[in-house]
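Everything below concerns the one structure shown next.
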Amino acid sequence: MRDVIGAPAGWLARAIAAKKLSSVEVVRAHLEHIHTVNPRLNAVVFATAESAIKEARAADRRAKNRKAVLGPLHGVPFTVKDIFNTAGLPTTAGLRMLRSRIPDHDATVVARMRRAGAILIGKTNCPPSDSDEDGWTPGRGAARNPYDVNRSPGVTSSGEAAIIAAGGSPLGLGSDSGGSIRLPAAYCGVAALKPTAGLIPVTGAYGLVGGVTDTRGQVGPMARYVSDLRIAMKILAGPDGVDSGVVPVRAWTAPKLEGLRVAWYADDGLARPTSTVSATVKAAARALAAAGCTVTEERPPSLGEAYQVTLAFWGRKHMSYERLYERWDAFRTSVLKFMSRFDLVLSPVAPDIAPLLRIKPVGDHQLSYTVPYSLSGNPCVVVRAGTSAENLPIGVQVVAQNWRDATALKAARAIERALGGWRPASVVG
């Protein structure tokens, strides 16, 4: 029998439904693994051991009922970044002043995961108010990279990426307004989806207010395998009657890869990639070509403009609101025009491997590869495609046309199959 630690979430759900595994043993195994690895990683800040085991027992009883309809993640454990409301469990967003805040209802995405049968086993470390670039929290300290505990696991969804990579959770939820899902996924070697703006509700995610006021902030799944992202996307997508920025679009039908037009670039003109990062992107481009895509080396225009607009939005560069939104709209239009010629864009996620802790990624353009597609709202999938000389993961970013999230996932799956995808972390494995 396949070891449950490191197994895909979809495989676990099928095994539990077929009664080849029990939810209790799957949940218990992950809780015990968290107990083993978390002292070194500082990734999980709240665990739900007693209630999770109770829910797992109920899931096993339900699985024995032949008439019961089981959800696509029945009995499977999951974790969430500590910005999501969780009924009966603290939601602090890394803020000391919120230590006693215990919501009475779940965030929409948490509720949808539960309805799909998944069992919450923990909440993960994030910086105060979802803001600091290297995942450091004054009251909790930094989450650490499972491949090298002296290095950062990325920006604000850092704890989530770290515990998934380390085997403590098969699937989780993060948030991204400039790269906070994508950079941790790349640094920790896992797969992740930043969805099209307006696909998944952000209701109940502390600090995110939805598509009308800030289309950059999105909620998305993180996992070790691209196939699990697809399962989660179908569970999470669609209006909830609260987040007015979400539209009723079915974004999970993908065309064949044969004939799809792919633009790729290894250098955005702002942050020169290392030779290993560049080689990894080229290898991913070759993998898509082998899958039948038409691959062209070309990058979207005005990527530097996107970075300047983002710095102004963050208050790090002076710009009037009128000018900021005028330039933002112009950039978004330029991406839309570029994507009319291509089905996919392939690029680095960051110019280098995970930096040492407390080295600010924003200062050296570590986010310059991700922020353009936050401004444009395009769906982005990150998948591991290479390994550095230091044995650290290197991810690539697959960007699709808006509402073509499934196309990005399909291309990322082809890269994963060709180049290996997630690998167990040597530090904690």
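The values are calculated or read from the model by the stated rules, or taken from the named source; none is laboratory data. Everything quoted here is computed from the prediction, not taken from an experiment. As a convention, Cβ positions derive from the backbone with ideal geometry for all residues, glycine included, and neighbour counts pool all protein chains shown.
Structural remarks
- One residue from E298, E322 being acidic (D, E), without any contact (Cβ under 8 Å) to a residue 60 or more places away in the chain, in the same structural domain as A271 (by TED's automatic domain parsing) and surrounded by fewer than 13 Cβ atoms within 10 Å (Cβ to Cβ): E322
- Some residue of segment 208-218 being buried (at least 20 other Cβ atoms within 10 Å of the Cβ), more than 17 Å from the chain's Cα centre (by Cα) and under 29 Å from G117 (Cα atoms): yes
- Qualifying residue in segment 298-314 (condition: aromatic (F, W, Y), farther than 21 Å from I353 by Cα and over 24 Å from the mean Cα position of the chain (by Cα)): no
- Complete set of residues in segment 325-351 that are of a type in the set (D, E) and without any contact (Cβ under 8 Å) to a residue 60 or more places away in the chain: E326, D329
- Pick from segment 140-174, criterion within 15 Å of I394 (Cβ to Cβ) and surrounded by fewer than 24 Cβ atoms within 10 Å (Cβ to Cβ), ranking: modelled with the highest pLDDT: D148
- Qualifying residue in segment 59-75 (condition: in the same structural domain as R140 (by TED's automatic domain parsing) and touching a Pro at 6+ places or on another chain (Cβ under 8 Å)): no
- Residue within segment 40-49 that is without any contact (Cβ under 8 Å) to a residue 60 or more places away in the chain and either part of a helix (DSSP H, G or I) or β-branched (V, I, T) (or both) present: no
- Residue within segment 306-319 that is over 28 Å from S175 (Cβ atoms), in a loop (DSSP other than H, G, I, E, B) and not aromatic (F, W, Y) present: no
- Of all residues making up segment 238-262, the number that are in contact with a Phe, Trp or Tyr (Cβ under 7 Å, 6 or more places away or on another chain) and either surrounded by 15 or more Cβ atoms within 10 Å (Cβ to Cβ) or hydrophobic (A, V, I, L, M, F, W, C) (or both): 3
- Meets criteria (crowded, with 24+ Cβ neighbours inside 10 Å, assigned by TED's automatic domain parsing to the domain that holds V76 and touching a strand residue (DSSP E or B) at 6+ places or on another chain (Cβ under 7 Å)) for P221: yes
- Looking across segment 16-25, the residues that are under 24 Å from E50 (Cβ atoms) and hydrophobic (A, V, I, L, M, F, W, C) come down to I16, L21, V24.
- When segment 234-278 is filtered for residues that are part of a loop (DSSP other than H, G, I, E, B) and among the charged types (D, E, K, R), the ones remaining, listed by number, are D240, D243, R250, K256, E258, D267, D268, R272.
- Candidates are the residues of segment 81-134 that are more than 24 Å from R182 (Cβ to Cβ) and among the acidic types (D, E); the one that is modelled with the highest pLDDT is D106.
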